[in-house]
Structure formats: C-alpha cells, structure tokens
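Enquirer: Before anything else, here's the structure in question.
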Amino acid sequence: MASTVQAPPPAPPTRPPRLRRSFAGPVVLIVLGIFFLLSNMGVISWNNFGLWFSHYWPVLLIVWGIIKLIEYQQANRAGERARGIGAGGVMLIVIVVVAGLATTEAYRWNWKGWCNDMNVEGVPWCGHTYNYTDELQQAFPAGGTLHVSSEHGAINVTTAEDNQIHVTVHKRVNADRQEQADNWNKTTRPQITINGQVVNLDANTRGAGDHWISDDLDIAIPRKASVVLSTRHGDVSIMGRDGTADITCKDGDVSVTDLNGSLNLSLDGSSARASQIASDVVVQGRAKDVSLEDVKGTVRLDGDFMESVKLARIAKAVSFKTTRTDMDFSRLDGDLNLDSGDLEARSIMGPLNLRTRSKDIRINGVSSNVQLKNENGAVEIEVSKLGNLQVENSRGDIRISVPEKSSFQVEVQARDGEIQSDFSELKIENGDNRASASGSVNGGSSRIVLNNEHGTIEIRKGATIPMPPMPATPKMPKLPKVPEVPQPTEN
C-alpha cells in the first residue's frame with residue numbers, strides 16, 4: 001500500500017522593503033510655519049521676517065541636505081534603499097529658491113529712493129511722510145547770477161521787489177519715526193553762498209546720505225539777474241527775467257515765460273514749454289514734449305525728441321536736427337507741429353531744407369526756395385510765393401499747389417505712379433512703369449524738380465496766400481502830462 005506524502009504549503013510571497021518617509025520637507029515647512037506664526041502674532045515684524053529670510057534662506061537648503069544625508073546613512077546601515085527627493089520635494093526646493101532670490105533682490109532695491117521718485121505714500125516700506133517749511137533771505141549782488149543745484153524737488157523762480165534773494169523751502173522727508181525725520185531735516189538745510197557775482201543755492205538734499213529728501217524751492221530774485229538751474233527729479237518754472245536762463249533738467253517739466261535774455265535747455269527725459277523769449281533758444285538732449293512760441297531770436301533743437309515738437313511765431317532762423325530729421329528754415333510766421341509720424345506747418349519763410357523719413361508732410365504757405373527729401377510718407381506743399389522747389393520722395397504721393405500766375409519750369413519723374421497737373425502748358429507722359437512731365441509756365445523763372453518712386457505726383461493751381469504780418473510789439477502808452485503847480489502870488 002503506497003504511502004501518501006503531503007506537500008509542504010507554499011511560502012508566502014516576499015514583500016519588498018518599505019521605504020521610509022523623508023522628514024526633510026516637513027522640517028522645512030515647520031520652520032517656515034513657525035516664522036509666519038510669529039509674524040502674525042506680532043512677535044517679530046514682517047519687515048524683520050523678510051529681512052531675515054532674504055539673508056538666511058539658504059539655511060533651509062542646508063537643513064534639507066543634512067536631513068537627507070542622515071536618512072541615507074540610516075538606510076545603508078539597515079540594508080534598505082534610501083528614499084529619493086520626489087516630485088513634491090523638488091517643487092518645494094524650487095519655491096524656496098525662487099522666493100529667496102526674489103526677496104534678496106527686493107531688499108537690495110533702493111525703496112526709499114523709489115518712494116521719493118514716485119511720490120508713493122502709505123506703503124509700509126516707504127515709511128511715513130513728514131513735511132517741513134524753511135525760509136532763507138540774503139542780499140543779492142547787483143548784476144549777479146543765481147546758480148541752483150537740487151537733486152530732488154521743484155524749482156520756481158519769480159521776481160523779487162527788492163535787491164535780495166528770498167527762498168521758501170517746502171521739504172518732504174520719508175522716515176519711519178519723527179525723530180529720524182527731525183534729524184534728517186536739520187542735516188539737509190539749504191545753503192546760500194556768495195562768490196563775487198555768483199550766488200550759489202544748494203538744496204542739500206544729499207545731506208542725509210542715502211535717505212532721499214525732496215525740497216521744493218520758491219525763489220524770488222531781482223528781475224535783471226540771470227539763472228543757472230540744475231535738477232534731476234523735479235519741475236522748473238521761470239517767469240519774468242531780464243537776464244539769461246540756463247537749465248539742466250532730468251525727469252521733470254520745464255516752463256519759461258517772459259524772458260528777455262537767451263534760453264539754453266539741456267533735457268534728459270523731460271518736457272519743456274517756453275514763450276515770450278526775446279533772444280535765442282537752444283534745446284538739446286533727450287526730450288519728450290517741446291513747445292516754443294513767440295521767440296524773437298533763433299531756435300536750435302539738437303537731440304532726440306521722443307514725443308512731439310510744437311513751434312509758433314519764431315522771428316529768426318530755426319535749425320532742427322535729430323537722428324531722423326534734419327530741417328532748417330529762415331522764419332516761422334505761423335506754427336509747426338512735428339511728431340513721430342507727421343509734420344504739419346503753416347506760413348514758413350524759406351529757404352526750407354528738410355530731410356526726414358516715415359512722415360506725412362503737410363506744409364501750407366511756404367515762401368522762397370524748398371528742398372525736401374522724404375520716404376515712406378506723403379508730401380503736400382502749398383506755396384505762397386514760389387522759389388526753386390525740389391522734392392524727392394518714395395513710397396508716398398506728392399502734391400504741389402502753386403499760385404496760378406507763378407512763373408516756373410518743371411522736371412518731373414515718377415516711377416510706378418502717374419502725373420497729374422492743372423497747367424495745360426506742361427507736357428505729361430504717363431507710361432506703364434514710369435511717367436514724366438516737362439515744360440514751362442509764364443516764362444519759367446523758377447524751377448520745380450519732383451522725383452517720386454511708388455507714388456503719384458500732382459501739380460495743382462492754388463490761390464495766392466498773403467503772408468500774415470509779424471505781430472507788432474505793443475507800444476507803451478504815453479504818460480499823462482503832469483499839470484503845472486500854480487505859483488503863489490503876493491497880495
């Protein structure tokens with residue numbers, strides 16, 4: 001009889017060793033949570049918490065690395081496989097690094113200077129605003145010149161009724177406490193020094209070191225005094241001067257009215273408006289808006305003008321030079337507006353020389369010779385008194401209007417465009433790719449030369465435009481005759 005052998009039961013399946021959870025992430029979160037809790041409870045300020053984090057955030061990465069190293073050594077001794085970082089750990093590390101770098105750069109930023117520049121108030125890191133007022137007064141030498149230097153703040157110059165300089169200071173100090181503001185106010189008091197005929201007024205806004213102070217200066221000086229002003233962050237206003245004005249301004253607006261001397265403006269990111277100037281005007285640098293009107297001298301604009309230029313009633317020659325436009329003419333009886341895409345003018349006295357690009361040009365009423373070169377824009381010229389006229393353009397139409405009784409001869413060429421004219425004396429040939437016109441009208445004393453590519457040319461009859469008279473200087477009214485005092489008679 002065969003014996004039955006019972007097979008042993010199968011061994012239970014072997015489970016892989018279970019990986020231990022890492023404590024690195026929870027420890028970092030606990031440390032961050034403690035600091036956030038202390039900040040919410042007011043134990044430490046948010047400013048101090050941010051300052052500590054901006055300096056010591058790499059400690060969190062060091063703690064993370066030490067914990068992971070200890071866990072790796074423990075896993076080796078137990079014969080287990082160490083746990084990796086994991087997707088969640090990688091994400092937390094990235095968040096800590098990005099937040100740490102951003103906080104570090106934020107605390108390196110000059111927030112005090114930014115707050116002063118942007119006139120920001122009520123933001124915690126900008127501190128509180130404290131206002132102070134001060135007054136200075138001193139004798140002003142006859143025939144003297146005022147030099148003003150200000151780092152931050154407006155400068156307003158008016159006329160004094162005596163022979164002294166009067167300065168009213170409106171100061172703004174951003175500080176965390178009143179004691180700080182009072183101390184910085186004392187160390188930044190404006191200073192007046194006199195060296196011969198030169199009066200120096202220093203706003204002394206750097207007297208508090210890196211803590212920026214804003215001084216608005218209201219200055220009254222004798223009318224005959226000249227001024228030299230320099231400011232980096234503030235507006236400038238001058239009204240009523242018999243002397244000259246030399247202004248250097250960055251990031252501000254300049255306004256000058258009623259100046260009998262010359263005006264020199266050096267601008268950097270600033271705008272300027274000047275009117276009633278009895279002598280020459282020079283504007284140079286990087287300007288925004290520039291407006292000049294009622295100038296009896298010459299005008300020279302040289303630099304980069306980022307927004308617009310407006311001129312009106314300029315009695316003498318105008319020179320305008322930028323990287324894109326070069327323009328000269330003898331006088332402006334009307335007005336001229338120029339921006340990035342357009343140039344419009346009325347009543348210009350030539351000779352007019354203009355070279356530019358990418359502008360639509362419209363000139364209504366020009367006298368004497370004209371030489372113009374443009375591209376990527378239309379050209380429209382209405383002549384009041386015809387001289388020699390030469391226009392070269394591309395990728396835009398040309399339209400010329402001259403008085404009907406003008407005497408001229410023409411040489412006109414158009415490529416990829418046609419030619420039209422109101423003058424039957426001209427011979428016009430319009431071909432498929434090229435057109436031309438030639439001939440003379442009323443004897444042909446003046447010469448018109450037009451060349452255009454990829455655009456039409458029109459020569460039209462226009463009405464004679466009388467030149468507007470220059471505005472006369474108003475005469476002073478005569479004083480009434482003083483009556484004679486009767487002589488006493490004897491009885």
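Enquirer: Select, from Leu332, Leu267, Leu352, the only residue that is on the phi < 0 side of the Ramachandran plot, within 24 Å of the chain's Cα centre (by Cα) and among the aliphatic types (A, V, I, L, M). Quick ask: steps written out before the conclusion?
Expert: Values: Leu332 fails: within 24 Å of the chain's Cα centre (by Cα); Leu352 fails: within 24 Å of the chain's Cα centre (by Cα).
Exactly one of Leu332, Leu267, Leu352 is on the phi < 0 side of the Ramachandran plot, within 24 Å of the chain's Cα centre (by Cα) and among the aliphatic types (A, V, I, L, M), namely Leu267.
Enquirer: Further question: Is the range 198-211 home to any residue that is in a strand (DSSP E or B), at pLDDT below 95 and among the acidic types (Asp, Glu)?
Expert: Yes, the range 198-211 has at least one match.
Enquirer: So which of Ile419, Ile398, Ile381, Ile428 ends up being in contact (Cβ under 8 Å) with a residue 60 or more places away in the chain and of a type in the set (A, V, I, L, M, F, W, C)? It would help to see each step written out before you state the result.
Expert: Values: Ile419 fails: in contact (Cβ under 8 Å) with a residue 60 or more places away in the chain; Ile381 fails: in contact (Cβ under 8 Å) with a residue 60 or more places away in the chain; Ile428 fails: in contact (Cβ under 8 Å) with a residue 60 or more places away in the chain.
After applying the criteria, what remains is Ile398.
Enquirer: OK, next. How many residues are under 14 Å from Asn452 (Cβ atoms), part of a strand (DSSP E or B) and among the polar types (S, T, N, Q) if we restrict to the range 432-441? Working first, answer last.
Expert: To start, the set of residues in the range 432-441 that are under 14 Å from Asn452 (Cβ atoms) comprises 433-437.
Next, only the ones that are part of a strand (DSSP E or B) stay: 434-437.
Subsequent filtering for residues that are among the polar types (S, T, N, Q) retains 436.
Adding up the residues that qualify gives 1.
Enquirer: I want to confirm something. Restricting to the range 182-196 and keeping residues that are assigned to a helix (DSSP H, G or I) and either of a type outside the set (D, E, K, R) or touching a helix residue (DSSP H, G or I) at 6+ places or on another chain (Cβ under 8 Å) (or both), which single residue is surrounded by the most Cβ atoms within 10 Å (Cβ to Cβ)?
Expert: Going residue by residue through the range 182-196, those that are assigned to a helix (DSSP H, G or I) are 182-187.
Of the ones still in play, those that are also either of a type outside the set (D, E, K, R) or touching a helix residue (DSSP H, G or I) at 6+ places or on another chain (Cβ under 8 Å) (or both) are 183-185, 187.
Details: Asn183: 15, Trp184: 21, Asn185: 19, Thr187: 13.
Checking each candidate, the answer is Trp184.
Enquirer: Still on this structure: Within the range 322-345, can you find the residues that are at pLDDT below 95 and of a type in the set (D, E, K, R)?
Expert: Arg324, Asp339, Asp342
Enquirer: Let me ask something else about it. In the range 363-388, which residues are within 14 Å of Phe329 (Cα to Cα) and not polar (S, T, N, Q)?
Expert: Those that are within 14 Å of Phe329 (Cα to Cα) and not polar (S, T, N, Q): Ile363, Gly365, Val366, Val370, Leu372, Gly387.
Enquirer: Filter the range 352-392 for residues that are assigned to a strand (DSSP E or B) and of a type in the set (D, E, K, R) and give the result. Explain how you work it out, then say what you get.
Expert: Narrowing the range 352-392 to residues assigned to a strand (DSSP E or B): 352-355, 360-373, 379-392.
Within the range 352-392, Arg355, Asp360, Arg362, Lys373, Glu380, Glu382, Lys385, Glu392 meet the criteria.
Enquirer: Applying the selection to the range 183-197, what residues are without any contact (Cβ under 8 Å) to a residue 12 or more places away in the chain and closer than 21 Å to Asp218 by Cα?
Expert: Lys186, Thr193
Conditions tested, residue by residue: (1) at pLDDT 95 or above; (2) out of contact with any His (no Cβ under 9 Å at 6 or more places or on another chain).
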position	(1), (2)
Glu375	no, yes
Leu386	no, yes
Gln390	yes, yes
Ser406	no, yes
Gly417	no, no
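Enquirer: In addition: If you go through the range 393-417, how many residues are out of contact with any Asp or Glu (no Cβ under 8 Å at 6 or more places or on another chain), part of a loop (DSSP other than H, G, I, E, B) and surrounded by 15 or more Cβ atoms within 10 Å (Cβ to Cβ)?
Expert: Going through the range 393-417 one residue at a time, the tally reaches 1.
Enquirer: Can I ask one more? From the list Asp339, Asp326, Asp335, pick out the single residue that is of a type in the set (Asp, Glu) and under 17 Å from Val391 (Cα atoms). Can you show your working first?
Expert: Numbers: Asp339 fails: under 17 Å from Val391 (Cα atoms); Asp335 fails: under 17 Å from Val391 (Cα atoms).
So the residue among Asp339, Asp326, Asp335 that is of a type in the set (Asp, Glu) and under 17 Å from Val391 (Cα atoms) is Asp326.
Enquirer: While we're looking at this one, here's another question. Quick check: anything in the range 422-431 modelled with pLDDT of 90 or more, outside any strand (DSSP E or B) and surrounded by 15 or more Cβ atoms within 10 Å (Cβ to Cβ)? Even if it seems obvious, please write down each step before you answer.
Expert: At the first step, the residues of the range 422-431 found to be modelled with pLDDT of 90 or more are 422-430.
Next, from what is left, pick out any that are outside any strand (DSSP E or B): 422-426.
Filter once more, keeping what is surrounded by 15 or more Cβ atoms within 10 Å (Cβ to Cβ): 423, 426.
Within the range 422-431 (the criterion being modelled with pLDDT of 90 or more, outside any strand (DSSP E or B) and surrounded by 15 or more Cβ atoms within 10 Å (Cβ to Cβ)), the answer is yes, since at least one residue qualifies.
Enquirer: Across the range 301-330, which residue is farthest from Ser358 (Cα to Cα) among those that are surrounded by fewer than 17 Cβ atoms within 10 Å (Cβ to Cβ) and charged (D, E, K, R)?
Expert: In this case the residue turns out to be Lys316.
Enquirer: Pick out the one residue from Leu146, Leu136 that is modelled with pLDDT of 90 or more, buried (at least 18 other Cβ atoms within 10 Å of the Cβ) and either part of a helix (DSSP H, G or I) or not assigned by TED's automatic domain parsing to the domain that holds Gly50 (or both). So that I can check it myself, show each step before the final result.
Expert: Working: Leu136 fails: buried (at least 18 other Cβ atoms within 10 Å of the Cβ).
Selected residue: Leu146, the only one of Leu146, Leu136 that is modelled with pLDDT of 90 or more, buried (at least 18 other Cβ atoms within 10 Å of the Cβ) and either part of a helix (DSSP H, G or I) or not assigned by TED's automatic domain parsing to the domain that holds Gly50 (or both).
The values are calculated or read from the model by the stated rules, or taken from the named source; none is laboratory data. Source: prediction; values computed, not measured. Please note: Cβ atoms are built from the backbone with ideal geometry, for glycine as well, and neighbour counts cover all protein chains shown.
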